[in-house]
Structure formats: C-alpha cells, structure tokens
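I have placed the structure first, in the form of structure tokens, so that the comments after it can refer back to it.
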Amino acid sequence: MIAQRPEFLTKFCWLVLGTAFLQSACVSNENSFSDQVSIEALSAPLESGEPRYVLEEGILATPGSSSQKVQWFTCTQGANAPGIMLLNAPAEAFQKNQVCQSPVASEFLNQGFNIVALNRPGQGESSGKETLGGEQALEGSLALITQLRNKGYKIQGLWAYDEASLHGFRLAKNFPFSFLIIGNGIYDWDETLKNSGDKPFVAHLQALQGRGTEAAMFAEQRSIAWDFSALPKHVFLYHNQGNLRVPVSQATAFKNSLAAGEFRVELLILDQEGHRIPTALHRGLVKKLAERIKAARLVGP
C-alpha cells in the first residue's frame, strides 16, 4: 500500500513483442509495435500498510574456493509467495538494514513477491574478485540457489541492472528461471567498448578483461547477443533513451534478436538521460513489470 503518490506522471515508450506479433517481427526487425504507457512514479517505499516480511541473511562459501564467499539476504512474506532474485547494482551493495526497503525490493514486496538479494564479489561482505560473472561467481550464485531451494524458497525470476546484467545473463543460462528482467544492460561486450560514450567505464571494463589469449573468451562469455539460446523464454528489458554508457540501440538490437528467436520479449525505453533511474520512477516501473509478470502467469504458488 502506497501512502502517497505524486501528481505528475512520467511517461515512456513500452515496446511489446509477444505471441501475436512474433510472425511479423521475424519478417522484419524494422517493425516496431509500441504502446504509449504512462507509468506513475511512486514515492514513500513502505509506510503505512507495509507488507510483513521476515529478514534473513547469511554468507555462503563458494564450492571449490577457499577465498570466495557470497553474502545473501531474503525478505520473505509468505511460503506461497513467488520469489525473485536480485543482483546488487554497481557500487550499491545490499545492506542488512536497507535491503528490504531498497526501491526495487520494496516494490516487489508490495506486489506480493519474496526477495532473495545477492551481493556480487567484492560488494558488501561478498569476497573474491569481481569479474562480471566469472566462473567462481557463477558457481557461488548457483550454490546459493540450491541451498535456498532446499530450504523451501521459490526463486522464479531474476533481476539485474547495468554491469550486473553480465552476471545475470550467465546465471540465467544456467538455471531455469521463469523470467528475466534486465535494466540498462550490456548485451555485446565489443560493441560496448567501441561505442560507449563513457570513457572511464570503458577503461573499467578493459581492465577487467585483461589482455592475451583469455581476453577473447572473456568478451565472448559476456556477450549475450552472441548466444542467448539458453535464456528463459520470457525476457523483460528496460533502457534509458539517453544512456551514453550503453546506447539504447544495443538494447533494441537484442530485443529484435530475441523476438526472431521466438522469445517473449518486452522492451521499455525510458525518456531518461544517463544510466540511472530516479527512485520513484524505478518503483513505478517495477510495479508495472510485476503486473505484466503476474498477468502472463509466470509465477504462482
């Protein structure tokens, strides 16, 4: 329950490619089926009438590694509620006293979801080197999912944002999520290095990639546009129109490829600059996504 809503509406373009449009989309990627949808920016994350949830936390040692550990949190409001895993955004580690009140988590809670929040390597109390979805990080994430599922947690979807999308894509190819949500993601490593307008970000990625014979494999593993066949069949994307870090054209090209590959994909293009989204708008966006997910019956008890 939202205590207060601003009077203004923030609008963006919702590009929908679903079953009804699939045949035409495969004929031509130039076809764009769009609905203008108004998203109401939501304020005050959880005030009166907030959902009751139980906060748990833990640290899991990554199998086969003596140095890498995964910090996790859960915000649980019912055994039968659907669950979604959140990967922390860059430089925004989940914290014990804040994770359930963070914009994305709080709105998924409002929409009846349970939350599993994971800090990536080097974030919060998760240890190890950040490699944007390297093998040890991937093994740690999968081990955590197994442990929580054995305890009765339902984990039906995955959300990842910005460079965390690289970890998210690799994880989604190795676990049968019902749906995947990516915000301002990176879809093609080489294209990002070539066309990004954020030079410090490019230097950051190049430092992680390194040099030599392993650099090409690093790039291939982090270019979902090259091989997306193992992804969930329902994918939700959103991207800022003015994102200089990863141009929106990259998201549009990936959306077209998924549609041609018979995926159910929706792309939301926000009339925003940069790679960040205002808190209230982000919560309104999550509300709309949750409604679409439930309407498509992608989650259930």
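The values are calculated or read from the model by the stated rules, or taken from the named source; none is laboratory data. Fair warning: this is a prediction, and the values are worked out from it, not measured in the lab. So basically every Cβ, Gly included, is an ideal-geometry build from the backbone, and we count neighbours across all protein chains shown. For accessibility, only protein heavy atoms count, side chains too; no ligands or nucleic acids. Shrake-Rupley method; radii C 1.70, N 1.55, O 1.52, S 1.80 Å.
Could you tally the net charge around Asn88, taking each other residue with its Cβ under 14 Å from the Cβ of Asn88, Lys/Arg +1 and Asp/Glu -1? Walk me through the intermediate numbers first.
Numbers: positive: Lys96, Arg120; negative: Glu57, Glu92, Glu125, Glu130, Asp162, Glu163.
Result for the neighbourhood of Asn88: -4.
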Counting only other residues whose beta carbon sits under 11 Å from that of Glu56, what net charge do I get with K and R as +1, D and E as -1? +1
Order by protection proxy (mean Cβ within 10 Å, highest first), peptides 109-118, 266-275: 109-118, 266-275
Charges at C-beta only: +1 for Lys and Arg, -1 for Asp and Glu. How large is the resulting dipole of region 138-208 about its Cα centre, in Debye rounded to 20? 420 debye
Taking only protein heavy atoms and a 1.4 Å probe, the highest-to-lowest accessible-area order of Asp188, Asp227 is Asp227, Asp188
So if I take the centroid of the Cα atoms in region 100-137 and the same for region 283-299, what is the distance between those two points in Å? 19 Å
Quickly work out the Glu56-to-Glu214 label distance, labels modelled 7 Å from Cα along the C-beta direction, and quote it in nm with one decimal. 3.5 nm
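Let me know the charge dipole size of region 196-245 about its Cα centre in debye, to the nearest 20, where only the beta-carbon of Lys, Arg (+1) and Asp, Glu (-1) is charged.
Values: 5 positive and 4 negative charges, 26 e Å.
Roughly 120 debye for region 196-245.
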Span from the region 138-188 Cα centroid across to the region 223-256 one, whole angstrom: 16 Å
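Beyond 18 Å between alpha-carbons counts as too far, so tell me which of Lys96/Lys287; Lys154/Lys294; Lys129/Lys151; Lys154/Lys288; Lys173/Lys294 fall in that bin.
Values: Lys96/Lys287 23 Å; Lys154/Lys294 15 Å; Lys129/Lys151 28 Å; Lys154/Lys288 21 Å; Lys173/Lys294 22 Å.
Long pairs (Cα-Cα over 18 Å): Lys96/Lys287; Lys129/Lys151; Lys154/Lys288; Lys173/Lys294.
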Under the rule of at least 5 residues apart or a separate chain, name every residue whose amide H is placed under 5 Å from the amide H of Arg245. Gly197
What accessible surface, in Å², does a 1.4 Å probe find on Tyr53, ignoring ligands, DNA and RNA and rounding to the nearest 10? 60 Å²
Where region 179-277 is the region considered: accessible area per residue in Å², 1.4 Å probe: 43 Å²
Peptides ranked, highest mean first, by Cβ atoms within 10 Å: ranges 213-220, 282-289: 282-289, 213-220
Can you find, among Leu208, Gln221, Tyr153, the residue farthest towards the positive end of the dipole of region 131-223? Put +1 on the C-beta of Lys and Arg, -1 on that of Asp and Glu. Tyr153
Result for region 79-155: accessible area per residue, probe 1.4 angstrom, in square angstrom, of 36 Å²
Put a dot 7 Å past each Cα toward the Cβ at Thr146 and Ala207; how far apart are the dots in nm? 3.4 nm
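Can you compute the charge dipole magnitude of region 113-253 about its Cα centre, using +1 on each Lys and Arg Cβ and -1 on each Asp and Glu Cβ, nothing else charged? Give it in debye, rounded to the nearest 20.
Values: 13 positive and 13 negative charges, 79 e Å.
Charge dipole of region 113-253: 380 debye, to the nearest 20.
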So who's got an amide H within less than 5 Å of the one on Ala61, skipping anything under 5 residues away but keeping other chains? H placed 1.01 Å off N, in plane. Val70
If I stretch the segment between Lys96 and Glu130 completely, what's the gain in nm (0.36 nm per residue apart, minus their alpha carbon distance), one decimal? 10.1 nm
